[in-house]
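The values are calculated or read from the model by the stated rules, or taken from the named source; none is laboratory data. Because the structure is a prediction, the values reported are computed rather than measured. Counting neighbours? That spans all protein chains shown, and the Cβs are built from the backbone with ideal geometry, glycine included. All accessible areas refer to the heavy atoms of the entire protein, side chains included, with ligands and DNA or RNA removed. Shrake-Rupley method; radii C 1.70, N 1.55, O 1.52, S 1.80 Å.
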Amino acid sequence: MTASGLLGELADVGRDRTRGGYSRHVFDPAEQELRDWFVEQAGRRGLDVERDGNGNLWAWWGEPGPGAVVTGSHLDSVPGGGAFDGPLGVVSALSAVDLMRARGTSPSVPLAVTVFAEEEGGRFGIPCLGSRLLTGSLDPATAAGLRDADGVTFAEAAQAGGLDPSRLGADPDRLGRIGRFVELHVEQGRGLIDLGSAVAVGSTVVAHGRWRLTFTGQGNHAGATPMDDRRDPMLPAAETVTSVRRIARAHAGTRATVGRLTPTPGGTNVIASAVDVWLDVRGPAARSMVADVEAAARAAAEEEGCGLAVREESWTGEVVFDSALRDEVSALAGGVPALPTGAGHDAAVLAAHVPAAMLYVRNPTGVSHAPEEFAEDSDVDAGAEALATVLEGLCR
Ligand SMILES: [Zn+2]
């Protein structure tokens, strides 16, 4: 089946009627429905599905074993995200299996289609949670204790999703089966528009991390508390948001965002007792930029008589994809151009352990992590065709 046709089957799952777009978070009903759909689609193709201890799915064409060519992406989304980020890579992988069969190819090494858990960190805060756990780059006890907005821990959510939380963590046997990994993804930028190409291969992923700044003050009554008698953590939080723009501009090549700010308790007539400011920073100078933000935040907190705790939630250094595999994938796909990206991916996490590559599919809006994210059906299907040709070449 075509990738665009498969994607169409998912169009009604997890629509977010409040934010627009889709909200599909790990182990929630929408993401679970997509997982069930994937398992059913894999079964129809005669692929054997395994779920690993970290909630990642593996659908095998051939006996699982070392030297496998593995492709896939994720099914979860950011809150109010687009239809393509994640699912495009999964449906393209399934479609590539169909195309290979239609062309009469069968792989001479094991081939697997994967779905990684919680790539966006949309529910538990840490991106690429499934691949980080698999590779051992995230401590399972830390992962187990992460809480979603309702206070549910990742261990509890995983258990509700059918996992045994005691099995979370590094899985060297499964990781060791991956000979080469290729992830197809919608482009999250304008590179392919400018290049006039439907498909590109990934070159680098910029260093990126997430920090949580927690400002603490005195929760109190909005009407009964005089203005001079307040320790309101919303004030240093707000000053920090504006300082992020100013400080990022002083660090060349840095992109810094506060997209999430959570006051506790969060009432209109309540002075907050605490405010969590989530800071996403990307670029070679990310860490020094965050140090400057922290200094500014601390000064703002002191001025208001508030406390501040800063926690690094995740960090991934710059990733340069394996150059031999990148060149091979580019050549197999017909000499497509190479593009850097500012977006993180499971392929970038895996790249520290196995040769990994990415294929990007043109996004005519240049917008991602928003409902306007888009790809034309013709480009979607061209991407799946390119992936099929790449997999055929790698599985020879
Ligand atoms: Zn993605």
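Per residue, the stretch 240-393 exposes 44 Å² of solvent-accessible protein surface, assessed with a 1.4 angstrom probe and all protein chains in place. One chain, two ends: Asp228 and Thr262. Fully extended at 0.36 nm per residue, the span grows by 9.8 nm beyond their Cα-Cα distance.
Pairwise alpha-carbon distances in the stretch 1-103 exceed 16 Å for 57% of all pairs. With respect to the chain, whose longest principal axis is taken over its alpha-carbon atoms, helix 377-394 is tilted by about 60°. For the stretch 33-119, the per residue solvent-accessible surface stands at 27 Å², with DNA, RNA and ligands left out and a 1.4 Å probe.
Which one of Ala96, Ala352, Ala384 has the biggest mean-square fluctuation once the chain is modelled by GNM with Cα springs under 10 Å? Largest GNM mean-square fluctuation: Ala352. With the charge dipole of the stretch 213-257 set up from +1 on Lys and Arg Cβ and -1 on Asp and Glu Cβ about the Cα centre, the Cα lying farthest toward the positive end among the listed residues Ala256, Thr240, Gly223 is that of Ala256. Enclosing the Cα atoms of the chain in their convex hull gives a volume equal to 132 cubic angstrom per residue.
Here the relative contact order of the chain, from alpha carbon pairs under 8 Å that lie six or more residues apart, stands at 23 percent.
For helix 29-44, what angle does its Cα long axis make with the longest principal axis of the chain, in degrees from 0 to 90 and rounded to 10? On a 0 to 90 degree scale, this one is about 10. Counting only protein heavy atoms and a 1.4 Å probe, tell me what percentage of the stretch 253-396's accessible area is made up of carbon and sulfur. Carbon plus sulfur share of accessible area: 49 percent. Simple rule: put +1 on each Lys or Arg Cβ and -1 on each Asp or Glu Cβ in the stretch 295-342, find the dipole, and look at Ala309, Val336, Ala297; the Cα lying farthest toward the positive end is Val336. Fully extending the segment from His221 to Thr242, taken as 0.36 nm per residue of separation minus the present Cα-Cα distance, adds 4.9 nm. Using Cα springs under 10 Å in a Gaussian network model of the chain, which residue among Gly55, Gly104, Gly179 shows the largest mean-square fluctuation? With Cα springs under 10 Å in the chain, the top fluctuation among Gly55, Gly104, Gly179 is at Gly104. Stokes-Einstein diffusion for the stretch 109-260, with the hydrodynamic radius set to the Kirkwood value over Cα pairs and evaluated at 10 °C in a medium of 1.306 mPa s, equals 80 µm²/s. Counting only DSSP beta bridges with both residues in the chain, the antiparallel share comes to about 70 percent.
Remark: the chain carries a charge dipole of roughly 480 debye about the Cα centre, counting +1 on each Lys and Arg Cβ and -1 on each Asp and Glu Cβ. Once the Cα atoms of helix 286-303 and of the chain are each reduced to a long axis, what angle between those two axes, in degrees from 0 to 90 to the nearest 10, is obtained? So the inclination is approximately 20 degrees.
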